[in-house]
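Worksheet: the structure to be examined is printed underneath.
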Amino acid sequence: MDATVTETLLDRRARLLGPNMSTFYDDPVHLVRGQGVHLWDADGRQYLDCYNNVPHVGHCHPKVVQAICEQAGTLNTHTRYLHEGILDYVEALTATFGPTFDTALMCCTGSEANDVALRMAQALTGKTGVIATDHTYHGNTTAVHQLSRSNPPPGGYWDNVGFVPAPDSYRPLGGEGGMAHARAFAVEVEKQIALLEQKGHGFSTLILCPFFANEGFPDLPAGWLDPTVEVVRKAGGVIIADEVQPGFGRLGSHFWGHEKIGFTPDIVTIGKPMANGHPVAAVIAPRDTMYAFRNNFRYFNTFGGNPVSCAAAMATLRVVQEDGLQANAADVGAYARQGLRQLADRHDCIGDVRGSGLFFGAEMVLDRATKEPATAFTKRVANGMRQRGVLLNFLGRHYNVLKMRPPMVFSRENVDQVIETLDTVLAETPLA
């Protein structure tokens, strides 16, 4: 795109939306159309989308589009009127969970869902102390913004929030992997619980993404969280599993991230991908938990669970189930990790390959022996991929983990394009 046009759009954004409106890539992409796993910019250039989990079953999936259009042309209102759509969807949604999760609260964003979940935990425990990892993201309401160490809230952190070091399978806590790493994490949680009790807040909840996505999605075995779960339960607290990124079959082996790592949380939150881009989110909980919340907090969400949103969410869930997209994630994801490991044989900058299903990536290092993070290099690689028509991004504590999290209809042929392009970009990008 003409640089002048890009600058004009950026200037308009700053003027109309305010400053610090972030964009991906040094040369922002001006998108105008999407279909399946592809996006097109204003110049007609096609990109392979290897990053966006919001269009979970592919950009502009015809069944989701049809469901939205038909319901929008019939009725859209809120949950103070009776409508079958929200009930049908919650029944279908909770059926994907274990038997204890039989109620849901519908809202519009993952931020809202996590905010509600924190209040649910307070209703259950009567305490206010919250623990999160030190490199996570759970949204941007006033309450959940307090949980972000990478984006500190103005005025500082509340006294009732504690942080524990994020798990890292490549550089494990205490220097040893496996269950030793698991126990080291549990010890850190135990320390924060004691501190919150000492401060008089008490311990309410540990909130985490069960795939630790923003922390760099470390490879953690089933049972890894068992020591932590024991510590939390002993202290009378609850665990909130934020499934916004790993949920709905993305990890391939399991429908939900908490199932893969092998524990049952007390509350589950979901969001972005559940309606393929339509703004829908939810909190899933056992009936007693939902009743405790409803009886302690007067909560109403005008748009949460509206008929159009529920139609979009139901259509998305059906596509995942009927088109076998969880199985596709398992197959294509394994193929992608194999391709990345083959790249690692040719490029020493790849220190570690990890992931599950269609959530995979590689940690980039300056030196494999020292594991020194290649932060600036990783950013250059992401920009190089964008210039060659493949969209991906990076995250992790050192922002040196290439993150690939494409729509669930991604294919082996799409993986081949990613690997071939990444091979070229790694070869032509200076490490220093």
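Overview of results
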{"item": "Matching entry among Val353, Val319, Val365 (being assigned by the TED database to the domain that holds Asp168 and either part of a strand (DSSP E or B) or in contact with a Lys or Arg (Cβ under 7 Å, 6 or more places away or on another chain) (or both))", "result": "Val319"}
{"item": "Glu230 open to solvent by 10 Å² or more (accessible area, probe 1.4 Å), outside any loop (DSSP other than H, G, I, E, B) and in contact with a strand residue (DSSP E or B) (Cβ under 7 Å, 6 or more places away or on another chain)", "result": "no"}
{"item": "Selection count where residues are at negative phi, without any contact (Cβ under 8 Å) to a residue 40 or more places away in the chain and assigned to a loop (DSSP other than H, G, I, E, B), scope region 17-51", "result": "6"}
{"item": "Val37 vs. criteria in contact with a helix residue (DSSP H, G or I) (Cβ under 7 Å, 6 or more places away or on another chain), surrounded by 15 or more Cβ atoms within 10 Å (Cβ to Cβ) and more than 21 Å from Asn306 (Cα to Cα)", "result": "yes"}
{"item": "Extreme residue, farthest from Asp323 (Cα to Cα), among residues of region 406-420 that are open to solvent by 10 Å² or more (accessible area, probe 1.4 Å) and either in a loop (DSSP other than H, G, I, E, B) or at pLDDT below 95 (or both)", "result": "Ser411"}
{"item": "Residues being of a type in the set (Gly, Ala, Ser) and in contact with a helix residue (DSSP H, G or I) (Cβ under 6 Å, 6 or more places away or on another chain) - total across region 283-300", "result": "1"}
{"item": "Out of Ala180, Ala123, Ala95, sole residue that is open to solvent by 20 Å² or more (accessible area, probe 1.4 Å) and in contact with a Gly (Cβ under 9 Å, 6 or more places away or on another chain)", "result": "Ala180"}
{"item": "Exclusive hit being modelled with pLDDT of 95 or more, in contact with a Pro (Cβ under 9 Å, 6 or more places away or on another chain) and not in a helix (DSSP H, G or I), set Gly252, Gly162, Gly247", "result": "Gly247"}
{"item": "Options Gly396, Gly389; residue that is touching a helix residue (DSSP H, G or I) at 6+ places or on another chain (Cβ under 8 Å), open to solvent by less than 10 Å² (accessible area, probe 1.4 Å) and at positive phi", "result": "Gly389"}
{"item": "Enumeration of residues in region 262-283 that are outside any loop (DSSP other than H, G, I, E, B) and in contact with a Leu (Cβ under 7 Å, 6 or more places away or on another chain)", "result": "Ala282, Val283"}
{"item": "Index of the failed condition, Gly156 passing every other in (1) under 21 Å from Leu196 (Cβ atoms); (2) within 24 Å of the chain's Cα centre (by Cα)", "result": "(2)"}
{"item": "Residue that is farther than 16 Å from Ala312 by Cβ, among the β-branched types (Val, Ile, Thr) and either outside any helix (DSSP H, G or I) or not assigned by the TED database to the domain that holds Val418 (or both), where the choices are Thr74, Thr96", "result": "Thr96"}
{"item": "Condition check for Val54: out of contact with any His (no Cβ under 7 Å at 6 or more places or on another chain), open to solvent by 30 Å² or more (accessible area, probe 1.4 Å) and part of a strand (DSSP E or B)", "result": "no"}
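Here is a yes/no grid of residues against (1) among the polar types (S, T, N, Q); (2) free of Cβ contacts under 8 Å to residues at least 60 places away in the same chain:
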residue	(1), (2)
Thr142	yes, yes
Pro152	no, yes
Val161	no, yes
Val164	no, yes
Tyr170	no, no
His181	no, yes
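Let's see how each residue does on (1) within 24 Å of Tyr137 (Cβ to Cβ); (2) touching a strand residue (DSSP E or B) at 6+ places or on another chain (Cβ under 6 Å):
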site: Pro307; (1), (2): no, no
site: Phe359; (1), (2): yes, no
site: Val365; (1), (2): yes, yes
site: Val381; (1), (2): yes, no
site: Pro407; (1), (2): yes, no
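The values are calculated or read from the model by the stated rules, or taken from the named source; none is laboratory data. Being a predicted model, the structure only gives us computed values, none of them experimental. Cβ atoms come from the backbone with ideal geometry, glycine included; neighbour counts cover every protein chain shown. Only protein heavy atoms, including side chains, enter the accessible area calculation; ligands, DNA and RNA are left aside. Shrake-Rupley method; radii C 1.70, N 1.55, O 1.52, S 1.80 Å.
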